[in-house]
Each structure stands twice: as C-alpha cells, then as structure tokens.
Amino acid sequence: MPAEKPNTEKIRMTQMLKIDFVSDISCPWCAIGLAALEQALSQLRDEVAVDIHMQPFELNPQMPAGGQDISEHLTQKYGSTPEQQAQIRVTIAQRGADVGFVFDPSGRGRIYNTFDAHRLLYWAGLGSVPGQMALKKALLVACHGQRRAMDSHEVLLSTVANAALDVPRARAILAGDEYAAEVREAEAFYTDQGIHSVPAVVINDRHLISGGQPAAVFTQALRQIAAQRSLA
C-alpha cells in the first residue's frame, strides 16, 4: 500500500495574546475603544485567542462626592466652549454608533469619582474575565447611556446585578476599603509606564495602542502582533 502523502497545506495556529485595557469608565472614548476592540476580536476569532483584563485609570481622582457639571468641568480643564463640547458629543455619538455603543445625546450631565467602580472591577477580575468584562460594559452603559451617578453605591450595585455578579459581596466591598490599595498600585504602575491618557491597550506587556481607535486599526495591529509571535 503506498504511503500516505503528507499534508502540505499551511495550518494556521491560533495565537494567544494578553490584553490589558487601561481605562476609566467616565471616558467616552474608552467606551468606543472597548466596543471597537470587541469588534476586532470577533473578526479575529479564528486567528487569536485573548486573555483580556480591565486595568484602572482615573481621569479625575480628586473629584468630590456628587461630581461636577460636565460642561463646567470641560471648560475648566480644557478651555472648551459649550459649542465645541456639543460638536464633540456629535462626533462621539457617531463613533459610538459605528461600533454599536449608544450614547445619551445630551452627554453625561455630570462627571463623578470612579474609584469605587475600579475597586469593583478589580474584584470582578479575581473571579473571571467574562465577569469583569460584563461589569465594565454595564458601568459604561450606566455612565454614558443612562447618565447615572457613578459614585452612587446603589448605582454601582445595579451594574453588578446587570453583570450577574454577587451583589451582597459587592455591597460588602463598597462598605469598606477592600482592594483600594490594589487599585492604587495598578494605577501607579501604568502611570509609571508613561500612560497618561486613555484608553490605552497594552498587548503582551510591550505593544501599545492608544486612543479609541476604529475596529480596523485594532484588527490590523492584533493580526501583526499575532504574526510576529507565530514566527518567533
């Protein structure tokens, strides 16, 4: 019996990539960036597998309880006018629509301290990657789609429920200071690495994609990084 001919067809190997998504829930471009990244990963599902983690970054760590009117905040921080802010909202809404994220057309209303949200995200990440991702997405919707008060414990607990996570455990975390030190340590780490704006997407601890990029940008970059790994 003749020997079976070897299969010379090129076999595509799925590459595992570690992704750290450094962001703040109060940042609309982080919502756009995460949705675009998810689109890219869906397109690459036969080429890459990912281990993705939400990492903390606070745009306004000194924001007091109750927050601040968003227009007032943006004017103080960036010197922008109400007219410029309205135009930016139109741009953000369109970019969100491109990736399936719905922004409230009137904007966030107020901007809030997000430290407790980051503590909950840290906790969720100890359990499972899908659980942390579900909580992150619920927080982004509450902030940018529903204009909710993101420093309110009841609002945060509602996002925990929406993510199908343990509400009593989350309530206990919010009642104390669990994971505060861990969040601050992670924030300091990324700041020390030179990250001062978000979203910042770090691939395999060495490749950085900055900003709320379109899905095509993420697709191209992740495909290139995966190809480099396959040749290593």
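The values are calculated or read from the model by the stated rules, or taken from the named source; none is laboratory data. Note that the structure is a prediction, hence the values are computed from the model and not measured. Methodologically, a virtual Cβ is constructed for each residue, glycine included, from the backbone with ideal geometry; neighbour enumeration extends over all protein chains shown.
Is it the case, given these coordinates, that Pro105 is within 22 Å of the chain's Cα centre (by Cα), over 30 Å from Ile173 (Cα atoms) and not in a helix (DSSP H, G or I)? Reasoning before the result, please.
Details: within 22 Å of the chain's Cα centre (by Cα): yes; over 30 Å from Ile173 (Cα atoms): yes; not in a helix (DSSP H, G or I): yes.
Taking the combined requirement at face value, the residue satisfies it.
Would you confirm whether or not segment 26-47 contains a residue that is modelled with pLDDT of 95 or more, more than 19 Å from Pro199 (Cα to Cα) and either aliphatic (A, V, I, L, M) or touching a Gly at 6+ places or on another chain (Cβ under 9 Å) (or both)?
Looking through segment 26-47, at least one residue is modelled with pLDDT of 95 or more, more than 19 Å from Pro199 (Cα to Cα) and either aliphatic (A, V, I, L, M) or touching a Gly at 6+ places or on another chain (Cβ under 9 Å) (or both).
Quick one: in segment 52-62, of everything that is surrounded by fewer than 20 Cβ atoms within 10 Å (Cβ to Cβ) and either of a type in the set (Asp, Glu) or farther than 23 Å from Gly127 by Cα (or both), which residue is farthest from the chain's Cα centre (by Cα)?
Per the stated criteria, the residue is Gln62.
Would segment 49-61 turn up any residue that is part of a helix (DSSP H, G or I) and at pLDDT 95 or above?
Filtering segment 49-61 for residues part of a helix (DSSP H, G or I) gives none.
Among the residues of segment 49-61, not one is part of a helix (DSSP H, G or I) and at pLDDT 95 or above, which makes the answer no.
Identify all residues within segment 94-120 that are small (Gly, Ala, Ser) and either within 18 Å of Gly67 (Cα to Cα) or surrounded by fewer than 19 Cβ atoms within 10 Å (Cβ to Cβ) (or both); write none if there are none.
Taking segment 94-120 first, the residues small (Gly, Ala, Ser) are 96-97, 100, 106-107, 109, 117.
Across segment 94-120, the qualifying residues are Ala97, Gly100, Ser106, Gly107, Gly109, Ala117.
Which residues, counting only those in segment 164-187, are in contact with a Lys or Arg (Cβ under 8 Å, 6 or more places away or on another chain) and of a type in the set (A, V, I, L, M, F, W, C)?
Ile173, Leu174, Ala180, Val183
For segment 123-146, check the following and say yes or no: at least one residue is assigned to a loop (DSSP other than H, G, I, E, B) and modelled with pLDDT of 95 or more.
To start, the set of residues in segment 123-146 that are assigned to a loop (DSSP other than H, G, I, E, B) comprises 128, 146.
Subset that is modelled with pLDDT of 95 or more: 146.
Yes; the residues of segment 123-146 include at least one that is assigned to a loop (DSSP other than H, G, I, E, B) and modelled with pLDDT of 95 or more.
Does Ala170 satisfy being surrounded by 15 or more Cβ atoms within 10 Å (Cβ to Cβ), within 29 Å of Ile70 (Cα to Cα) and touching a residue at least 12 places away in the same chain (Cβ under 8 Å)?
Numbers: surrounded by 15 or more Cβ atoms within 10 Å (Cβ to Cβ): yes; within 29 Å of Ile70 (Cα to Cα): yes; touching a residue at least 12 places away in the same chain (Cβ under 8 Å): yes.
So Ala170 passes the test.
What pairs come up if the first residue lies in segment 147-164 and is under 13 Å from Ala134 (Cα atoms) and assigned to a loop (DSSP other than H, G, I, E, B), the second is modelled with pLDDT of 95 or more and of a type outside the set (Phe, Trp, Tyr), and their beta carbons are under 6 Å apart, counting only those six or more places apart or on different chains?
Correct list of pairs: Ala163/Ala134; Ala163/Leu135; Ala163/Ala138.
Is it fair to say Gln220 is modelled with pLDDT under 95 and either part of a helix (DSSP H, G or I) or within 22 Å of Arg45 (Cα to Cα) (or both)?
On the way: modelled with pLDDT under 95: no; either part of a helix (DSSP H, G or I) or within 22 Å of Arg45 (Cα to Cα) (or both): yes.
When the stated conditions are applied, Gln220 does not pass them.
Considering every residue within segment 147-167, establish whether at least one is closer than 27 Å to Glu47 by Cβ and in contact with a Cys (Cβ under 6 Å, 6 or more places away or on another chain). Before you say what the answer is, go through the steps one by one.
First, pick out the residues of segment 147-167 that are closer than 27 Å to Glu47 by Cβ: none.
No; the residues of segment 147-167 include none that is closer than 27 Å to Glu47 by Cβ and in contact with a Cys (Cβ under 6 Å, 6 or more places away or on another chain).
State the number of residues belonging to segment 115-140 that are touching a residue at least 24 places away in the same chain (Cβ under 8 Å) and either under 28 Å from Val217 (Cα atoms) or of a type in the set (Phe, Trp, Tyr) (or both).
So the count comes out to 17.
Which residue out of Asp177, Asp205 is under 18 Å from Ser23 (Cα atoms) and loosely packed, with under 14 Cβ neighbours inside 10 Å? Reasoning before the result, please.
Numbers: Asp177 fails: under 18 Å from Ser23 (Cα atoms).
Sole residue among the options that is under 18 Å from Ser23 (Cα atoms) and loosely packed, with under 14 Cβ neighbours inside 10 Å: Asp205.
Which of the residues that make up segment 21-40 are out of contact with any strand residue (DSSP E or B) (no Cβ under 6 Å at 6 or more places or on another chain) and part of a helix (DSSP H, G or I)? So that I can check it myself, show each step before the final result.
Restricting attention to segment 21-40, the residues satisfying the condition of being out of contact with any strand residue (DSSP E or B) (no Cβ under 6 Å at 6 or more places or on another chain) are 23-25, 27-29, 31-40.
Matches in segment 21-40: Pro28, Trp29, Ala31, Ile32, Gly33, Leu34, Ala35, Ala36, Leu37, Glu38, Gln39, Ala40.
Quick one: what pairs do we get from segment 14-25, first residue closer than 12 Å to Val129 by Cβ and in contact (Cβ under 8 Å) with a residue 40 or more places away in the chain, second part of a strand (DSSP E or B) and among the acidic types (Asp, Glu), C-beta under 6 Å, 6+ apart or different chains?
Lys18/Asp51
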